[in-house]
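Written out below as structure tokens is the structure these notes cover.
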Amino acid sequence: MGEQRVSLRLVDEDREARLPLLLEADESEPVVRTYMHDGNLYDLVVESGPGSEEGIGVVLLLAPLPGEVEIKNIALSMSCRGRGLGRASIAAIAAHVRAGGARRLVVGTADAAPDTIAFYLACGFRRSGRSEGFFDAYPEPIFIDGVQVHDMVLFDMDL
């Protein structure tokens, strides 16, 4: 498949409709509800034909510090995974926030998610820290492939 260009489309309303996708990346609905109305929520889209677009996922971006943007939540639709669209989405997000003046893009993921960790490293992020016990504060324990998650691994990318 040739490289597809991903674009970000600001979600002005109806964030609730994106909840199922947000839950793909963070399975605790009570936790997602604490932040889903913060920051800017975008639909990730690709051109699917002349003049038409296909929604492939969502990303929620926060600006915790001047010059820094955090990917708080990102998820692609199941049918869009494994097609290079994740990397294209990260590249589009980096370009978008760089154009907005950000100098650094940050993201975190569960320490028990080796595929996600490898993905972020392959996209040009570098390990920047660890938030010990981050997931212990969730209302219910989080498990990935039968392993309980405790810590969040942090990554950043200079823009």
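Counting each pair of different Cα atoms once, what's the Kirkwood radius of the chain in Å, rounded to one decimal?
Values: mean 1/r = 0.0617 Å⁻¹.
After inverting the mean inverse Cα-Cα distance, the result is 16.2 Å.
Between the Cα long axis of helix 85-99 and the first principal axis of the chain there is an angle of about 80°, rounded to the nearest 10. Once the 1.4 Å probe is applied to the protein heavy atoms, the stretch 1-132 comes out at 54 Å² accessible per residue. Only protein heavy atoms count here; on that basis, with a 1.4 Å probe, R98 has an accessible area of about 110 Å². Across the protein chains, with a 1.4 Å probe defining accessible surface, the residues S89, S128 rank S128, S89 from largest area downward. Sorting the segments 58-71, 16-29 by their residues' average number of neighbouring beta-carbon atoms within 10 angstrom, most packed first, yields 58-71, 16-29. Across 10 Å bins from 0, what is the distribution of all Cα-Cα pair distances for the stretch 88-159, in whole percents? Per 10 Å bin, starting at 0, the Cα pair percentages come out as 20, 43, 28, 9, 0.
Hey, with R₀ at 22 Å, roughly what FRET efficiency would E68 and A95 work out to, going by the Cβ-Cβ distance, to 0.05?
Numbers: r = 16 Å, r/R0 = 0.73.
For R0 = 22 Å, the calculated efficiency reads 0.85.
Put one equal scatterer on each alpha carbon of the stretch 73-119, apply the Debye formula with no solvent term, and list log10 I(q)/I(0) at q = 0.20 1/Å to two decimals. So the normalised log intensities work out to -0.80. Over the C-alpha atoms of the stretch 13-65, the Rg to Rh ratio, Rh being the Kirkwood estimate, stands at 1.04. What's the carbon and sulfur percent of the chain's accessible surface, probe 1.4 angstrom, rounded to a whole number? Summing carbon and sulfur atoms, their accessible area is 49 percent of the total for the chain. One chain, two ends: S52 and H150. Fully extended at 0.36 nm per residue, the span grows by 31.1 nm beyond their Cα-Cα distance. Across the options A63, G39, C123, the greatest Cα extent toward the positive end of the charge dipole of the stretch 25-136 (unit charges at beta carbon of Lys, Arg, Asp, Glu) belongs to C123.
Here, the stretch 39-116 yields an orientationally averaged convex hull projection of 6.0 nm² when only Cα atoms define the hull.
The values are calculated or read from the model by the stated rules, or taken from the named source; none is laboratory data. For clarity, every value in this text was computed on a predicted model and none was experimentally measured. Please note: Cβ atoms are built from the backbone with ideal geometry, for glycine as well, and neighbour counts cover all protein chains shown. In case anyone asks, the SASA skips ligands and DNA or RNA and just uses the protein heavy atoms, side chains included. Shrake-Rupley method; radii C 1.70, N 1.55, O 1.52, S 1.80 Å.
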